[in-house]
Amino acid sequence: MRIAVLIKQVPGTDNVKMDPETGVMIRTNKGNIINPLDENALEEALRIKRSREDVQVLAVSMGPESAMKAIKEAVAMGADGGVLLSGRAFAGSDTIATARALAAAISKLGDVNLVLCGERATDGETGQTGPMIAATLGIPVQTYVQRLEVADDAVKVERVVEGGFEQVKVQLPALITVVKGINEPGFPTLTGKVRARDAVVPVWGADDLGLSPEELGLKGSPTRVVKIFSPKLSRSTLLHRQDNTGRAVNELLKFLADRDIV
Ligand SMILES: Cc1cc2nc3c(=O)[nH]c(=O)nc-3n(C[C@H](O)[C@H](O)[C@H](O)COP(=O)(O)OP(=O)(O)OC[C@H]3O[C@@H](n4cnc5c(N)ncnc54)[C@H](O)[C@@H]3O)c2cc1C
């Protein structure tokens, strides 16, 4: 069984900055981490690997060269290997173009039975990438999964839904997005770190995936960020002192009426 785990490198939470001119996230290499929910996805893959003989876990990431660190970390935690999608052609990709690239990589890996990813990334936070990859690959998807069990050629999952959970059985190959509560991610081991140091992780570009520049990056992205801004907080207080409650209420109503609020 081959499991692909999607690993996105994201800024540490206090490291997210936006360029107000272009609306694009300013990414620095400093303080980047594996998207926390992807660690849960990886841990789930490793749990399956520990419970069966024939499991290979591969970490797949799309990002700048610095995202290699995230794949190496995944290997240190127990993944068998991975692949990084990187290059100019990928820059500026929206969720559709990102999903297109990741789906092409999963196809190229071949014989992937299960794709695991986080329910959402802490930076973009759309939660669209997983379902879009499944749609591109034409495989079933189950989202918000808090429990998972592989049974022959299917996977039984428990999904968090409003007011409870639902149990679903899906045929493999399938894509599953996981929630935080599914497990407690493990830590890299010393032998894992040594393996990661020596691991040769291929870097695939657009050509390797058989995708044209028109299908990736800004050209392949129908989404346009029109404007991005941080909300400005302003607090101006008006204090009216009245001994008489009736007069105070009238004054308040006049204040609201003057501003077309009532
Ligand atoms: C017009 C536009 C331009 C953009 N330009 C850039 C840019 O130049 N550079 C840039 O970095 N971002 C850019 N983005 C953001 C980028 O599209 C998203 O970060 C990406 O599509 C993932 O979406 P998300 O962060 O909402 O992830 P979600 O959909 O919330 O993530 C869900 C899960 O999908 C998986 N996943 C998501 N992304 C990746 C990935 N890259 N590799 C592996 N697994 C992944 C992870 O498992 C993750 O937990 C741009 C977005 C738009 C709309």
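Annotations
- Set side by side, the residues Val155, Val141 differ, and just one is surrounded by 17 or more Cβ atoms within 10 Å (Cβ to Cβ) and within 15 Å of the ligand (Cβ to nearest atom), which is Val141.
- Residue in segment 105-112 that is on the phi > 0 side of the Ramachandran plot, open to solvent by 40 Å² or more (accessible area, probe 1.4 Å) and either without any contact (Cβ under 8 Å) to a residue 12 or more places away in the chain or of a type in the set (A, V, I, L, M) (or both) present: no
- Of everything listed in (1) more than 7 Å from the ligand (Cβ to nearest atom); (2) open to solvent by 30 Å² or more (accessible area, probe 1.4 Å), the single unmet condition for Ala70 is (2).
- Residue in segment 168-180 that is under 30 Å from Arg50 (Cα atoms), in contact (Cβ under 8 Å) with a residue 40 or more places away in the chain, within 16 Å of the ligand (Cβ to nearest atom) and of a type in the set (D, E, K, R) present: yes
- Hits in segment 181-227 - residues which are free of Cβ contacts under 8 Å to residues at least 40 places away in the same chain, open to solvent by less than 90 Å² (accessible area, probe 1.4 Å) and closer than 18 Å to Ala79 by Cα: Val194
- Leu102 vs. criteria within 13 Å of the ligand (Cβ to nearest atom), in a helix (DSSP H, G or I) and either modelled with pLDDT of 95 or more or not β-branched (Val, Ile, Thr) (or both): yes
- Checking Gln242 against (1) in contact (Cβ under 8 Å) with a residue 60 or more places away in the chain; (2) away from the ligand (no atom under 16 Å from the Cβ), the condition it does not meet: (1)
- Residue match in segment 77-89 (condition: in contact (Cβ under 8 Å) with a residue 60 or more places away in the chain, within 8 Å of the ligand (Cβ to nearest atom) and touching a strand residue (DSSP E or B) at 6+ places or on another chain (Cβ under 9 Å)): yes
- Leading residue by the ranking (farthest from the chain's Cα centre (by Cα)) among those in segment 50-62 that are farther than 16 Å from Val200 by Cβ and open to solvent by less than 20 Å² (accessible area, probe 1.4 Å): Val55
- Just one residue in the set Val170, Val262, Val155 is part of a strand (DSSP E or B) and touching a Leu at 6+ places or on another chain (Cβ under 7 Å); that residue is Val155.
- Tally of residues being in a loop (DSSP other than H, G, I, E, B) and out of contact with any helix residue (DSSP H, G or I) (no Cβ under 6 Å at 6 or more places or on another chain) across segment 220-259: 22
- Gly110 being at pLDDT below 95, away from the ligand (no atom under 16 Å from the Cβ) and either of a type in the set (A, V, I, L, M, F, W, C) or farther than 20 Å from Glu184 by Cβ (or both): no
The values are calculated or read from the model by the stated rules, or taken from the named source; none is laboratory data. Note that the structure is predicted; figures quoted are calculated from it, not measured. Cβ atoms come from the backbone with ideal geometry, glycine included; neighbour counts cover every protein chain shown. Only protein heavy atoms, including side chains, enter the accessible area calculation; ligands, DNA and RNA are left aside. Shrake-Rupley method; radii C 1.70, N 1.55, O 1.52, S 1.80 Å.
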